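Below: one structure, written as structure tokens.
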């Protein structure tokens, strides 16, 4: 999977490494900004109030 | 060398997966089984990395975001206090009603806002309950229970050190005009998350039977989970007027 991506990136090894880094950062950004905030309330780690439900 | 490799691969990718037959670096095409195992393994590694990132997000990044937000809103409240004319009706509670100081938790001041919805608490503040039992507010001067909740971990983790509080410790609530000094008289280190009785006007579980000016802090316990709730009760000891220099009461000095 990752090998396949690597082979399909254009340019020399350094250019590919740079593109890979940008891709990784983009993925981390999307995770932190959108995916994790969405997933967090669905997980039972951070309910602090007492309630009836 | 590099240029030729690129060219070969581009030509190969146009032809589809068959290009794996003759990889330029001399490797042979993987069998389907090996390929499936390899992709599966990479997916597992990916899942592991994502879970690791989620921990980083929960315990670090949410604190960064929440503290930033809480500072901004706290500054806004202090600005309001500095500008607003004194007198009844001048109190604006939209951004927050005041600040909680608990020296035992060693985390400075905690902005207090209305409500305990996730959205409120995620901004790095403590919220006073509006449901299931409505909190009474100290500013009214009436008997009641000032009930608060805040995060134990992540999102500012304002009550992270709640277990450092011992009986007799002060809890100070600061409003524009007054310091409300409470003294901790009982702690419930573990209770069910459905135990809404701890929020009652007279919290009987703390041993109190008569109405009075109480404060209740709730958060989750043990750390990093939400299995139980941790509760700290305090009773109002005295109220001090805020002077021009906003000199804190002696509990917060030294």
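Sorting B:186, B:243 on the 10 Å Cβ count, fewest up front, what's the list? The partial results should precede the final answer.
Numbers: B:186 17, B:243 8.
Ranked by crowding around the Cβ, least crowded first: B:243, B:186.
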Approximate spin-label separation residue A:23-residue B:205, in nm, with each point projected 7 Å along Cα-to-Cβ | 5.2
Kindly put A:8, B:213 in sequence by how many other C-beta atoms sit within 10 Å of each C-beta, fewest to most.
-> A:8, B:213
What ranking do B:206, A:12 get, fewest neighbouring Cβ atoms within 10 angstrom at the top?
-> A:12, B:206
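How crowded by other chains is A:31-42, given as the mean number of beta carbons from other chains within 10 Å of each beta carbon? Please list the in-between numbers first.
On the way: counts 6, 7, 1, 0, 4, 8, 5, 0, 2, 8, 3, 0.
Partner Cβ neighbours, averaged per residue: 4.
What percent do you get for the relative contact order of the stretch B:129-254 when only Cα pairs under 8 Å and 6+ apart count?
Working: 252 pairs, mean separation 36.1, N = 126.
Relative contact order of the stretch B:129-254: 29 percent.
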Tell me, rounded to the nearest percent, the portion of alpha carbon pairs in chain A spaced more than 17 Å apart.
-> 57
Only helices counted: for the protein assembly as shown, with every DSSP H run of 4 or more residues adding -39500 (n - 2.57) and the sum spread over all residues, [θ] at 222 nm is -10000 deg cm²/dmol
Kirkwood Rh and Cα Rg combined as Rg/Rh, the protein assembly as shown | 1.20
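Every read-out reported here was derived from the displayed coordinates using simple, explicitly stated rules and does not represent laboratory data. In this text the structure is predicted, and so the values were computed from the model without any measurement. We place every Cβ from the backbone using ideal geometry, glycine too, and count neighbours over all the protein chains shown.
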